[in-house]
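> Pasting a structure below so you can have a look.
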Amino acid sequence: AKQEGRGRLRFYEARMGVQVRERRQIEHDLRHAVERGELRVVYQPQTRIDSGEAVGFEALLRWHHPERGTVPPNLFIPIAEETGSILAIGEWVLRETCREAASWDKPLRIAVNVSAVQLHAPGFAELVHEILFATGLSPARLELEITETALIRDLPRALTTLRRIKALGVRIAMDDFGTGYSSLSNLRAFPFDKIKIDASFTRSVDSSEQAATIVRTVLGLGRGLGLPVLAEGVETSAELAFLGAEACQEAQGYLIGRPGPIGGFQHLTAEPDAA
Ligand code: C2E
Ligand code: CA
Ligand code: CA
Ligand code: CA
């Protein structure tokens, strides 16, 4: 049994070796991903539930690695955060999306995910200011999506930065609401303009009374605080019907539109008569 244990350990170590090497390779490749032009942004529409009209898009990052193919953000963003590459990558995403949105006929919003590392980096508010100035995008059209977990690293610092950003006229959304900690006190203290309900709750509103209760509670909270609520991950018309009946304002998900190149959404960003 002892020998078997050692064998298993060696096997485990060998596998770990591969994982460590692979991780180092990804870390290394990530450092060059921006300059090599391997990053792309895809856009997912966000709509008003009552009228069905598009109000904006969320920008979602894609990494097209020359050998690995498309690496999903859930895999490479945590690595980029640990190594600090997220600073260059996040700046690229912000600049790229603001430039893109500034070219649309319709003044739709662009929502951009901001990592904890970016939020806590010195000069982040100034960077947002500089990018808005350089791209000419109206600040009111930019929305930064921040998770609760991004705030708690250093609450006072996060608050100072978000107030500076808010003073520019930029909107701030609380992302993945309900999946982190201390959400209620953070909602009260921080200058949020919107709450995004995480897809894990939306997915189950039509099948689980518990999930339905959580979503109703978040919607009540939004009403009480005067904050509109967007439900993410809407995949079925039953989910959308539930959200509409509960007066949820906005929705995003595969039912409405999958993330894709902005060219596929020209009918949403262009004036009908401008073509
Ligand atoms: P998120 O901010 O919660 O983004 C929503 C995720 O749900 C996206 O995954 C989107 O493609 C996916 N999604 C949208 N509608 C549906 C649906 O109806 N059903 C299901 N099952 N999924 C749906 P994606 O693009 O793989 O991104 C994963 C996460 O990576 C994001 O979660 C966000 O945390 C992070 N991320 C993506 N782009 C960026 C970025 O530019 N910067 C940073 N810091 N993080 C990013
Ligand atoms: Ca998001
Ligand atoms: Ca989410
Ligand atoms: Ca469902």
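> Condition first: within 19 Å of TRP92 (Cβ to Cβ) and open to solvent by 40 Å² or more (accessible area, probe 1.4 Å). Now tell me which residues in the range 104-121 satisfy that.
The one that is within 19 Å of TRP92 (Cβ to Cβ) and open to solvent by 40 Å² or more (accessible area, probe 1.4 Å): ASN113.
> Right, here's the next one. Out of everything in the range 214-245 that is over 29 Å from PRO191 (Cβ atoms) and within 16 Å of ligand 1 (Cβ to nearest atom), what residue ends up being least open to solvent (accessible area, probe 1.4 Å)?
Per the criteria, the residue is GLU239.
> Do you know which residues across the range 153-162 are open to solvent by 70 Å² or more (accessible area, probe 1.4 Å) and within 16 Å of ligand 1 (Cβ to nearest atom)?
Residue satisfying the conditions is ARG153 alone.
> When you go through (1) within 16 Å of ligand 4 (Cβ to nearest atom); (2) open to solvent by 70 Å² or more (accessible area, probe 1.4 Å) one by one for PRO272, which number turns out not to apply?
(1)
> Would you pick out the residues in the range 228-237 that are over 11 Å from ARG203 (Cβ atoms) and away from ligand 2 (no atom under 16 Å from the Cβ)?
SER237
> Also: Given the options ALA199, ALA211, ALA245, ALA241, name the one that is under 20 Å from the mean Cα position of the chain (by Cα) and of a type outside the set (S, T, N, Q).
ALA199
> Just checking, which of SER185, SER207 is part of a loop (DSSP other than H, G, I, E, B), surrounded by fewer than 13 Cβ atoms within 10 Å (Cβ to Cβ) and among the small types (Gly, Ala, Ser)?
SER207
> Hey, among the residues in the range 51-64 that are small (Gly, Ala, Ser) and free of Cβ contacts under 8 Å to residues at least 40 places away in the same chain, which one's surrounded by the fewest Cβ atoms within 10 Å (Cβ to Cβ)?
Among those that are small (Gly, Ala, Ser) and free of Cβ contacts under 8 Å to residues at least 40 places away in the same chain, it is SER51.
> From the residues in the range 191-217 that are of a type in the set (A, V, I, L, M, F, W, C) and away from ligand 2 (no atom under 16 Å from the Cβ), which one is nearest to LEU230 (Cα to Cα)?
VAL215
Residues are listed down the side, and each one gets a yes or a no for (1) of a type in the set (Lys, Arg); (2) touching a residue at least 40 places away in the same chain (Cβ under 8 Å); (3) touching a Pro at 6+ places or on another chain (Cβ under 8 Å); (4) not in a helix (DSSP H, G or I):
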residue	(1), (2), (3), (4)
THR97	no, yes, no, no
ALA111	no, yes, no, yes
ALA125	no, yes, no, no
VAL128	no, yes, no, no
ILE146	no, no, no, yes
THR149	no, no, no, no
ALA158	no, no, no, no
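> Let me ask something else about it. Identify, please: which residue in the range 188-204 is of a type in the set (Gly, Ala, Ser), more than 18 Å from PHE57 (Cα to Cα) and within 16 Å of ligand 1 (Cβ to nearest atom) and is, among those, least open to solvent (accessible area, probe 1.4 Å)?
SER204
> Now for a separate question. Would you mind finding the one in LEU132, LEU137 that is part of a helix (DSSP H, G or I) and in contact (Cβ under 8 Å) with a residue 12 or more places away in the chain?
Sole residue among the options that is part of a helix (DSSP H, G or I) and in contact (Cβ under 8 Å) with a residue 12 or more places away in the chain: LEU132.
> In addition: Let me confirm something: among GLU81, GLU67, which residue is surrounded by fewer than 21 Cβ atoms within 10 Å (Cβ to Cβ), acidic (Asp, Glu) and part of a helix (DSSP H, G or I)?
None of the others qualify; the one that does is GLU81.
> Of everything in the range 163-182 that's touching a residue at least 12 places away in the same chain (Cβ under 8 Å) and away from ligand 2 (no atom under 16 Å from the Cβ), which residue is most open to solvent (accessible area, probe 1.4 Å)?
Among them, the one singled out is TYR181.
> Of the residues PHE124, PHE133, only one is open to solvent by less than 40 Å² (accessible area, probe 1.4 Å), farther than 21 Å from ARG40 by Cβ and not aliphatic (A, V, I, L, M); which?
PHE124
The values are calculated or read from the model by the stated rules, or taken from the named source; none is laboratory data. Please read these numbers as outputs of a predicted model, since none were measured by experiment. Neighbour counts are summed over all protein chains in view; Cβ atoms, including those assigned to glycine, are modelled from backbone coordinates with ideal geometry. The area values use the complete protein model at the heavy-atom level, side chains included, leaving out ligands, DNA and RNA. Shrake-Rupley method; radii C 1.70, N 1.55, O 1.52, S 1.80 Å.
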